[in-house]
Amino acid sequence: MHARHPTIGVFDSGFGGLTVLKVLLELVPDADYLYFGDTARLPYGSKSVETVARYAVEAAHYLEGHGAELLVIACNTATALALERITAAAHVPVVGVVEPGAEAAASVSKNRKVVVLGTEATVSSHAYRKALEARGLDAREKACPLLVPLVEEGWVEHSVTEQVARIYLDEAFADGFRDADALVLGCTHYPLLKPLLHRVAPSHVSIVDSAESTARAVAEQLRSLLPASPAIREERRARPRLKFFATDSVEKFRRLGERFLGRAIEDVRHVDLKE
Ligand code: DGL
């Protein structure tokens, strides 16, 4: 990897991974970024392991082909179902979101009981449960398939979303998990619901944002490579080096993506992946 300005490729099924990119830009502003959103083939959260692995490996190769020296699999579903396959197919280091999320949960949970929210596919893979059990924690995983479309609709503070979240959380924090004290946001879209989830979750619960934990893990991994001066970092924060690739409409990517990234999205190219 080049010292100072490594190129990081960030991959997601669509827009959601921009929540990971947003924190990366804050913590690792020195890097150049390529972001690939597979918007033509989302959602991944309802698809099979075979399909998600095939899509994710294609995207990883695309990013590598465009100069990515480190791949961040921002999509929880792709990480949960296919991290091993992506890592085996890639020629550069690969970081997923599940391990950093589990690590962060393990460090905040005092009673070693955690609730994880994710897509159907992430929950069925039990990737989070396995990662948490390996650290001595009990986990209840809860699929919340209605939350992704609600966030994409922009209903992040809507009473309907609040009601839906309340139902999911009531079901998750029940029986043996009433006293779980950490809530892992195991899906790219959920960080946008953090204020709402803080209100709805039991008051003793800490929220663990796997987007944030992953960006911290990447920052840690690259620390020795990035000796940049504070002045350069500030200048990069104001004007990051970003290129976006989307497999569906560029216009839609810009429009929806800006909500997730919290800044204007300019350089988007349409990509047609031949299978
Ligand atoms: N990016 C996906 C995830 O984090 C959510 C959207 C989808 O299902 O494609 O699991």
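The values are calculated or read from the model by the stated rules, or taken from the named source; none is laboratory data. Since the model is a prediction, treat every value here as computed from it, not as a measurement. Neighbour counts run over all protein chains shown; Cβ positions are idealised from the backbone, glycine included. The area values use the complete protein model at the heavy-atom level, side chains included, leaving out ligands, DNA and RNA. Shrake-Rupley method; radii C 1.70, N 1.55, O 1.52, S 1.80 Å.
Looking only at 257, 154, 14, which one moves most when the chain is put into a Gaussian network model with springs between Cα atoms under 10 Å?
Fluctuation is largest for 154.
Explain nothing, just the number: relative contact order of segment 148-258, from Cα pairs under 8 Å at least 6 residues apart, as a whole percent. Kindly include the intermediate steps, with their values, before the conclusion.
Values: 55 pairs, mean separation 27.1, N = 111.
Once normalised by length, the contact order is 24 percent.
Order of 263-271, 214-222 by packing, highest average Cβ count within 10 Å first?
Numbers: 263-271: 13.8, 214-222: 19.9.
By packing density, highest mean first, the sequence is 214-222, 263-271.
Calculate the dipole size of the chain relative to its Cα centre from +1 charges on Lys and Arg beta carbons and -1 charges on Asp and Glu beta carbons; express the result in debye to the nearest 20.
Values: 33 positive and 37 negative charges, 81 e Å.
Dipole size: approximately 380 debye.
Let me check I've understood the local charge: for residue 118, count other residues with C-beta under 15 angstrom from its C-beta, Lys and Arg +1, Asp and Glu -1. What total comes out? Before the final figure, lay out each step's value.
Details: positive: 47, 129, 130, 140, 142; negative: 12, 99, 120, 141, 171, 209.
The answer is -1.
Tell me which of 61, 148, 224 sits at the most positive position along the dipole axis of the chain, charges placed on C-beta atoms (Lys, Arg +1; Asp, Glu -1).
224
Apply the Karplus parameterisation 6.51 cos²θ - 1.76 cosθ + 1.60, with θ equal to phi minus 60°, to every residue of segment 163-174 and state each ³J(HN,Hα) to the nearest whole Hz, in sequence, with x for glycine and proline.
5, 4, 4, 4, 5, 4, 5, 4, 5, 6, 8, 10
Please pull out the direction-averaged projected area of the chain, using the convex hull of its alpha-carbon atoms, in nm² to one decimal place.
Working: hull surface 54.6 nm².
One quarter of the hull surface, i.e. the mean projection, equals 13.6 nm².
State, in angstrom, two size descriptors of segment 1-77 derived from its alpha carbons: Rg to one decimal place and Dmax to the nearest whole number.
Answer for segment 1-77, Rg first and Dmax second: 12.5, 39 Å.
Once the other residues with Cβ under 15 Å from the Cβ of residue 128 are scored (Lys, Arg +1; Asp, Glu -1), what is the net sum? Walk me through the numbers before you get to the answer.
Details: positive: 112, 113, 129, 130, 135, 140, 142; negative: 99, 103, 120, 133, 138, 141, 209.
Taking every other residue near residue 128 into account, the sum is 0.
Can you spot the lysines whose alpha carbon is less than 25 Å from residue 274's alpha carbon? Ignore those fewer than 8 places along the same chain.
47, 243, 252
Report the Rg/Rh value for segment 134-191, based on alpha-carbon coordinates and the Kirkwood definition of Rh. Display every interim value, and only then the final one.
Numbers: Rg = 12.6 Å, Rh = 12.6 Å.
Rounded to two decimals, Rg over Rh is 1.00.
Run the numbers on segment 195-273 and let me know its relative contact order in percent, using alpha-carbon pairs under 8 Å that are six or more apart. Each step should come with its number before you reach the end.
Values: 34 pairs, mean separation 19.4, N = 79.
Here the relative contact order equals 24 percent.
Can you compute the radius of gyration and Dmax for segment 1-140, using only the Cα atoms, both in Å?
Reported Rg and Dmax, both Å: 15.0, 45.
Search the structure for amide H atoms under 5 Å from the amide H of residue 206, placed 1.01 Å from N in the peptide plane, and list their residues when 5 or more places away or on another chain.
For residue 206, whose amide H was placed from the backbone, the distant partners under 5 Å are 182, 183.
To the nearest 10 square angstrom, how much accessible area does residue 200 have with a 1.4 angstrom probe?
That residue has around 20 Å² of solvent-accessible surface.
Roll a 1.4 Å probe over the protein chains and send me the accessible area per residue for the chain in Å².
Details: 11730 Å² over 275 residues.
I get 43 Å² per residue for this part.
What ³J(HN,Hα) values, in whole Hz, does the Karplus curve 6.51 cos²θ - 1.76 cosθ + 1.60 give for segment 101-118 when θ = phi - 60°, with x put for Gly and Pro?
Ordered by residue, 3J(HN,Hα) equals x, 5, 4, 5, 5, 5, 7, 9, 7, 8, 9, 6, 10, 9, 9, 10, 9, x Hz.
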